[in-house]
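Please treat every number below as a calculation from the coordinates, not as lab data. Note that the structure is a prediction, hence the values are computed from the model and not measured. Heads up, the Cβs are rebuilt from the backbone with ideal geometry, glycines too, and the neighbour counts pull from every protein chain shown.
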Amino acid sequence: MLFLWSLRRTAFYSDPLLERYIQLAGSVLAFTFAANALVRFRGMHDRISLILAFGFGLAGLIEMGANLAPNITGAAHAVPLSWMVSRTLLAVLLVAALLVERSLPLSREPNREIAWALLIVGVISYLTSVAFFAVPAAPRIYPHSIVPRPWDLLPAAIYLAATIGFWKRLKHVDSALDRALFLSALVNVACHVTMSQSSAHFDAASGAAQCLETVGYAIVLAGALLDNARLFDQVSRLAISDPLTGLSNYRRLLEVMETELQRAQRTNRGFAVVLLDLDGLKKINDNHGHLVGSQALKRLANVLRMHCRGMDTAARYGGDEFALVLPEAEEAVAVQVTHRIRKRLLEDGHEPRISVSAGVAVYPRDGLTIEKLLNSADGALYAMKANRNGERGEGVRNPRGVQGAGEWQAQGKENLRLLR
């Protein structure tokens, strides 16, 4: 209230041309957000984005059209109808977006939804315009009244309803865009309460309200851009990760191996690839159900994630097979890592107990290409599975035979006990 009182008392009047530039900047921000919201709808099919796209786009179009008129001074005693129509229309559409999102959040037919949204926005726009243009005289400004522009309290009340709605929505859906919509609606409440204290065009209250309007547009656009960045990062992670285990997927595995091949060729330092196969997954599924089988895959993935080096890459190779890429690792290191993983699986304390078979391939000894390395490790893996009973589950195969767990000796010597 003290701020509003100080605005009423100041003799400051803004430059009409500067105020026009501020309004045009707000219109550009509104158009930009509308474009972002429309793209978001095409990707996520959420109806709230579609209605917001048309709402902000139409509000920006009305305000830009009014600002491009030749006369920029206007009548000092009347409220511009373009301001009232655009601001009230946007407030109504914000509330409408909340109501639609609550009852019908997602769209199944985006193209048809766009047509229906255009129809709904068009009807609301028409009714809002008729409500103002049907008034015999333009809304007046009462310079000596406690509230010189009482008409601005109407959109302020609607924006307040939108603010409450978006605040309640944050309890269920919390993102940068949702928080920005809440803050933007709150800023628009302040915008119209401030404008209600404007005694004449271009006075201090009017200039402050125009700045708040632009700030409201900037906030919602910033929220949309931040949320788009989050969604892009999420999509990028999904593109290279396995949805069940969260490890890298086959596509990411090939990218990492290609990188390691190029690095090894430059530095003449090899790397190891380990393929692991979860033993008896079909039996687990048959005896305990597929949910338990999926949990078994996740248990193995967690062990791979927690007990590998930070520079290693764990990936789901396909089905019940997993892969490890160990940069700058010899066969002995790969065998040690594999036995550590098998030991952690046996000690994880969950039922049913699970184990893995493994095959190791080393660059450049077992292959110079991704295909040959994977084939070598795969052949070693299935050779181990074929001889599993004879090895009693304690060996790790490589293309030349079976290697046991072994022990690391002092002074950096790596000695492994061969199980034949």
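Measure off 7 Å from each Cα along the Cα-to-Cβ vector at Arg344 and His288, then give the distance between these two points in nanometres to one decimal.
1.8
Please work out the FRET efficiency for the pair Ser145 and Leu244, using the Cβ-Cβ distance as r and a Förster radius of 56 Å; give the result to the nearest 0.05. Don't skip to the answer; put the middle values down first.
Values: r = 66 Å, r/R0 = 1.18.
Given R0 = 56 Å and the Cβ-Cβ separation, E is 0.25.
Would you compute, for the Cα atoms of the range 2-240, the largest minus smallest coordinate along each principal axis and list the three values in descending order, in whole Å?
Each principal axis gives a Cα extent; for the range 2-240 these are 63, 34, 33 Å.
Counting residues in the range 149-266 as N, plug N into 2.2 N^0.38 Å and put the Cα Rg over that result.
Values: Rg = 23.5 Å, N = 118, 2.2 N^0.38 = 13.5 Å.
Its radius of gyration relative to the 2.2 N^0.38 Å reference: 1.74.
Would you mind calculating the gained length between Thr267 and Thr369 on full extension (0.36 nm times residue separation, minus the Cα-Cα distance), in nm to one decimal?
Values: separation 102, 0.36 × 102 = 36.72 nm, distance 1.63 nm.
Gain in length upon complete extension: 35.1 nm.
What shape does the range 77-210 have by the C-alpha gyration tensor, where a ≥ b ≥ c are the square roots of the eigenvalues, rounded means a/c under 1.5, and otherwise prolate means a/b greater than b/c and oblate the rest? All intermediate terms of the calculation are to be shown ahead of the outcome.
Numbers: a/c = 3.00, a/b = 1.57, b/c = 1.91.
It comes out oblate by the Cα gyration axes.
What number does the range 214-315 give for Rg over Rh if you use C-alpha atoms and the Kirkwood radius? Each step should come with its number before you reach the end.
Values: Rg = 19.8 Å, Rh = 17.0 Å.
Rg divided by Rh gives 1.17.
Using every Cα-Cα pair within the range 275-368, state what percent have a distance larger than 20 Å.
Numbers: 1533 of 4371 pairs.
When every Cα pair of the range 275-368 is considered, 35 percent fall beyond 20 Å.
Give me Glu260, Glu113 sorted ascending by neighbouring Cβ count inside 10 Å, so fewest comes first.
Details: Glu260 23, Glu113 18.
Fewest to most other Cβ atoms nearby, the residues stand as Glu113, Glu260.
Return the FRET efficiency for the residue pair Leu127, Lys171: r is the Cβ-Cβ distance, R0 is 45 Å, and the value is rounded to the nearest 0.05.
Values: r = 31 Å, r/R0 = 0.70.
E(calc), rounded to 0.05, equals 0.90.
What list do you get for Val333, Val292, Val193 if you sort them by fewest beta carbons within 10 Å?
Values: Val333 18, Val292 14, Val193 21.
In increasing order of surrounding Cβ atoms, one gets Val292, Val333, Val193.
If you add up the charges near Ala78, with Lys and Arg at +1 and Asp and Glu at -1, over every other residue whose beta carbon is less than 12 angstrom from its beta carbon, what do you get? Intermediate values should be presented prior to the final figure.
Numbers: positive: Arg140, Arg149; negative: none.
Net of charged neighbours comes to +2.
How many nm separate the modelled label positions at Arg353 and Met311, each set 7 Å beyond the Cα in the direction of the Cβ?
Rounded to a tenth, the inter-label distance reads 3.5 nm.
Test of understanding: ordering His201, His45, His144 by Cβ neighbours within 10 Å, fewest first, what list do you get?
Details: His201 21, His45 16, His144 6.
With the fewest neighbours first, His201, His45, His144 line up as His144, His45, His201.
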